[in-house]
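Input: a single structure, listed below in structure tokens.
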Amino acid sequence: MSETVAKLVKSAMFALILVAGPASALAEGEAADAEPQWPPPEGATSGAGVAGAPGPVGNLSAGAPKYDDGSAIDIKWTASAGEAEGASPKVTSYLVLRSNPKTGPVADLIGKDPMTLAPRADAFTMVKVVPATGAGSEYSLRDQPAKKTRFVYMVFPMAGAVYGRPALVGPASTDTAYWNGHHWLVALTVLIMGVLIAYFLGQAKKRGKEMYIRRIAGIDAMDEAIGRATEMGRPVLYVPGVEEIQDLQTIASILILGHVAETVAKYGAEIKVPCMIPLVMAISEEVVREGFVRAGHPDAHKPRNIMFISSEQFAFTAGTNGIIIRDKPATNIYLGRFFAESLMLAETGYINRSIQIAGTAEITQLPFFIAACDYTIIGEELFAVSAYLSREPRLLSSLKATDYFKALLILFIVFGTVWMTYFHSDPARQAAFMDLFFPGS
Amino acid sequence: MMKKTLPLLLTFFVGVVGAMGYFVPAGGMTKLSSTLNDFGIIIAAVAFVLGGINIVQVNIPIVVRRRPDWGYKLVMLLSAVAVLLVGFRLHEFWAPAQKGTVAVSPVSDLLVGTPEAADTAIIVVDGAPRDLLVKIDGKAVLDPARPGEPARMPLRARVLVEKDAAGNVIPHVVNVSDTARTTPPRYDEYEVSISLVAGGEATVKPKLTYLLGPEGQPYLWLFNYIFAPCNATMFALLAFFITSAAFRAFRLRNVESGLLLGAAMLVMMGTIPLGAELSQTWLYRLQEWILSVPTVAGRRAIMMGAALGAVAIGLRVILGLERSHLGGD
């Protein structure tokens, strides 16, 4: 149906062109302001062999992008001589065309003047009109053809509606990569981490729970802080950050919330969890409920203590500060991703004389937490809290793996520093090092 | 099985597909990964409804039982309802079927017996809010008493009656809109084409609907004149919080706090306008060194550690090693 409509439109277009009569597109002035079009008007010539027509583009190439999913072809070229100062007619744009798979073998198109092909409108499809940006410019265009076959590309330099000399390139086809080589370093990191975790998991199973993990003061203080809240008869305030649930800091915070809720339930205290993201609230509610169930006090759980305040940053801050001022929690725990509200929350908690434990991997907010809170869990420690609290060998093994990977990383940093220092006068070797480990950097 | 194993399997599947979308371009992995992300967005959108319900569940009992500070809760609930109401495109429900009426009369009282009656007609626009812009044949009708300002309604405009080559009267296009003063407009637009005979009169009465919804004026007014100033006020408080926190943090107690105080003083001196005047001195270069060497080294160490921690926790969750969110073992 759509093909029939397209044919009708095409026929109507040609009929209009015929009615309008042959008009040479090279008639300057008349066509200077007109937009390039495809199919070309009846009688238009490609400029090949026409004196004064804009010259072809330079260095035309077409090929699949590296590590592509098989959907794109990149076309690149350099400016036509018709863009130079004083050139007449001056190139104003480039008309990029793609051969139509129905035309036949694409190899047959190479070397032929597209204007002489019959029916020429069917031989090529317009991809895009690219505006000229000045002499010496380099152009690139990403084409995403619907079909995966070989194509010939043709680029016309256009002076208004005047067709310059075309350049053809091809055949080119899309290329499906089964592996993104740009990400090899990330893949290697994950692989090494996976191997290390597996190794230490095995070790942990052999040695039981005797796996040394250095003490983290902020985590050790949690039990004490919750106990203080219990003794004072005041609630514990837990803020799981202000980011979406898919953020790893939020995930880490939610995992810790389970442990905190369990401890709160064991001590018979109350926990309040104000949330900025509704989905975080829904999950927090479930996690806190699980914590109370694990502690054997499911009835003590109050679902309304896990509340959605607002998804606006400062409205959320105002609401949470209101809870701190009104309910006077004895312990405030801020774990997750925070931004400008970090200091507002922590300072309000300080004024309220709460014990405050904060943790984030957000570097810009760490100084604020360090200044205003009693204990601060810094960067990677946030991701270790859940394992640290549970003391389960299978979780501690991942902490061991992280530590050993860090040792490898330090060796790599030393190696990189030595390399870059030794070859300080050889930029090519320095660039080779960077290209190897950080392609595209 | 349903409570533990299924969530673990789902987590594994989604985690692996997400990671594969990053590493494997082929086989539609990127698309599948993107589709799963879309699922996440839909779930997050649904959670907003839960958030709204939670706000009502938490705050209404406080208002009903007159708990401390119940008045604030009431203001908050009323504000939420007000924003919700103006945020809906309610005008689409009560928009009139016809946006206006046109009454055409072959004779205008204003033109009877005047020489203009031979080739002139009158267009009257009435019934719409006074300060809307009326264009007749694309030309704005302005107020002669207030240069550049649109004429106030009811307005009477004299128009020439012209005919085309076939002898047919060329119709006049009357457009009433709110584009002159406010962006976006308060009212929807009305356009009508009228054929008038010489000496005749047409009365146009637009029935324009007041626009609501996120692009409507009430919503924008609430945002610009209530929400934005309140937001700015909260943000401005940060300056005072920073001062009080800095006062405590920079108190000279031991060697470490002395180093912190010294570094802070140097950096502050270099940042203030006076510091720029001292840009050639060793003091300024020292503060630049503090910012560009030890600070950057510390930041990078934290960033690298955090990145590794993130990879580790990601693997723990995907591989099912971390189960505390599912209630432990």
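The values are calculated or read from the model by the stated rules, or taken from the named source; none is laboratory data. Please read these numbers as outputs of a predicted model, since none were measured by experiment. Positions of Cβ are generated from backbone atoms using ideal geometry, with glycine treated the same way; all protein chains shown enter the neighbour counts.
Quick rundown of the values:
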{"item": "Only listed residue being surrounded by 12 or more Cβ atoms within 10 Å (Cβ to Cβ) and either touching a strand residue (DSSP E or B) at 6+ places or on another chain (Cβ under 8 Å) or assigned to a loop (DSSP other than H, G, I, E, B) (or both), chosen from B:VAL102, B:VAL112, B:VAL83", "result": "B:VAL102"}
{"item": "Looking only at the stretch B:1-39, and only at residues there that are hydrophobic (A, V, I, L, M, F, W, C), outside any helix (DSSP H, G or I) and surrounded by 15 or more Cβ atoms within 10 Å (Cβ to Cβ), the one that is modelled with the lowest pLDDT", "result": "B:ALA26"}
{"item": "Within the stretch A:350-364, tally of residues that are in contact with a Ser or Thr (Cβ under 7 Å, 6 or more places away or on another chain) and surrounded by fewer than 24 Cβ atoms within 10 Å (Cβ to Cβ)", "result": "1"}
{"item": "Criterion violated by A:CYS275 - all others in (1) in contact (Cβ under 8 Å) with a residue 60 or more places away in the chain; (2) at the interface with chain B (Cβ under 10 Å from one of its Cβ atoms) satisfied", "result": "(1)"}
{"item": "Per-region count, the stretch B:189-215, residues buried (at least 17 other Cβ atoms within 10 Å of the Cβ) and in contact with a Leu (Cβ under 9 Å, 6 or more places away or on another chain)", "result": "9"}
{"item": "Every residue from the stretch B:114-141 that is among the polar types (S, T, N, Q) and touching a residue at least 40 places away in the same chain (Cβ under 8 Å)", "result": "B:THR120"}
{"item": "Top-ranked residue of the stretch B:290-321 - restricted to ones that are among the aliphatic types (A, V, I, L, M) and not in a helix (DSSP H, G or I), ranked as farthest from the other protein chains (Cβ to nearest Cβ)", "result": "B:VAL293"}
{"item": "Which listed residue, of A:GLY322, A:GLY291, is out of contact with any helix residue (DSSP H, G or I) (no Cβ under 7 Å at 6 or more places or on another chain), assigned by TED's automatic domain parsing to the domain that holds A:GLY268 and of a type outside the set (A, V, I, L, M)", "result": "A:GLY322"}
{"item": "Residue satisfying all of: in the stretch A:353-404; within 7 Å of another protein chain (Cβ to nearest Cβ), within 20 Å of A:ALA221 (Cβ to Cβ) and polar (S, T, N, Q); nearest to the chain's Cα centre (by Cα) among these", "result": "A:SER386"}
{"item": "Top-ranked residue in the stretch A:235-272 [being facing another protein chain (nearest Cβ under 9 Å) and not in a helix (DSSP H, G or I); ranked as surrounded by the fewest Cβ atoms within 10 Å (Cβ to Cβ)]", "result": "A:GLN246"}
{"item": "Wholly within the stretch A:132-194, strands (runs of 3 or more DSSP E) carrying at least 3 residues that are of a type in the set (D, E, K, R) and assigned by TED's automatic domain parsing to the domain that holds A:VAL91", "result": "A:138-143"}
{"item": "Yes/no for B:MET234 being more than 8 Å from chain A (Cβ to nearest Cβ), assigned to a helix (DSSP H, G or I) and farther than 24 Å from A:ILE256 by Cβ", "result": "no"}
{"item": "Given (1) assigned to a helix (DSSP H, G or I); (2) under 27 Å from the mean Cα position of the chain (by Cα), index of the condition A:PRO439 fails", "result": "(1)"}
{"item": "Scope the stretch B:1-43; condition more than 22 Å from B:VAL317 (Cα to Cα), more than 7 Å from every other protein chain (Cβ to nearest Cβ) and more than 31 Å from the chain's Cα centre (by Cα); matching residues", "result": "B:GLY27, B:GLY28"}
{"item": "Failed item, numbered, when B:MET153 is tested on (1) farther than 30 Å from B:LEU212 by Cα; (2) free of Cβ contacts under 8 Å to residues at least 40 places away in the same chain; (3) part of a loop (DSSP other than H, G, I, E, B)", "result": "(1)"}
{"item": "A:GLY218, sole failed condition from (1) in a helix (DSSP H, G or I); (2) in contact (Cβ under 8 Å) with a residue 24 or more places away in the chain; (3) within 11 Å of chain B (Cβ to nearest Cβ)", "result": "(3)"}
{"item": "Residue in the stretch A:93-102 that is at pLDDT below 75, surrounded by 13 or more Cβ atoms within 10 Å (Cβ to Cβ), in a loop (DSSP other than H, G, I, E, B) and assigned by TED's automatic domain parsing to the domain that holds A:GLU35 present", "result": "yes"}
{"item": "Residues that are of a type in the set (A, V, I, L, M, F, W, C) and either closer than 14 Å to A:SER354 by Cα or crowded, with 24+ Cβ neighbours inside 10 Å (or both), drawn from the stretch A:365-383", "result": "A:PHE368, A:PHE369, A:ALA372, A:CYS373, A:ILE377, A:LEU382, A:PHE383"}
{"item": "Members of the stretch B:44-68 that are facing chain A (nearest Cβ under 7 Å) and surrounded by 12 or more Cβ atoms within 10 Å (Cβ to Cβ)", "result": "B:ALA44, B:ALA47, B:PHE48, B:LEU50, B:GLY51, B:ASN54, B:ILE55, B:GLN57, B:VAL58"}
{"item": "Lone qualifier among A:ARG304, A:ARG337, A:ARG326, A:ARG394 - being out of contact with any His (no Cβ under 9 Å at 6 or more places or on another chain) and not in a helix (DSSP H, G or I)", "result": "A:ARG337"}
{"item": "Test: residue in the stretch A:408-418 that is away from every other protein chain (no Cβ under 12 Å), assigned to a helix (DSSP H, G or I) and surrounded by 12 or more Cβ atoms within 10 Å (Cβ to Cβ)", "result": "yes"}
{"item": "In the stretch A:285-325, the residues that are more than 10 Å from chain B (Cβ to nearest Cβ), surrounded by 19 or more Cβ atoms within 10 Å (Cβ to Cβ) and more than 20 Å from A:THR348 (Cα to Cα)", "result": "A:VAL288, A:PHE292, A:HIS301"}
{"item": "Checklist (1) modelled with pLDDT under 85; (2) part of a helix (DSSP H, G or I); (3) farther than 29 Å from A:ALA252 by Cα; (4) not basic (Lys, Arg) applied to B:HIS325, failing item", "result": "(3)"}
{"item": "Number of positions in the stretch A:187-210 that are surrounded by fewer than 17 Cβ atoms within 10 Å (Cβ to Cβ), closer than 27 Å to A:THR376 by Cα and touching a helix residue (DSSP H, G or I) at 6+ places or on another chain (Cβ under 7 Å)", "result": "1"}
{"item": "Residue list for the stretch B:69-80, filter: loosely packed, with under 13 Cβ neighbours inside 10 Å, under 27 Å from the mean Cα position of the chain (by Cα) and within 13 Å of chain A (Cβ to nearest Cβ)", "result": "B:VAL75"}
{"item": "Some residue of the stretch A:413-433 being at pLDDT 90 or above and either touching a Leu at 6+ places or on another chain (Cβ under 9 Å) or assigned by TED's automatic domain parsing to the domain that holds A:PRO274 (or both)", "result": "no"}
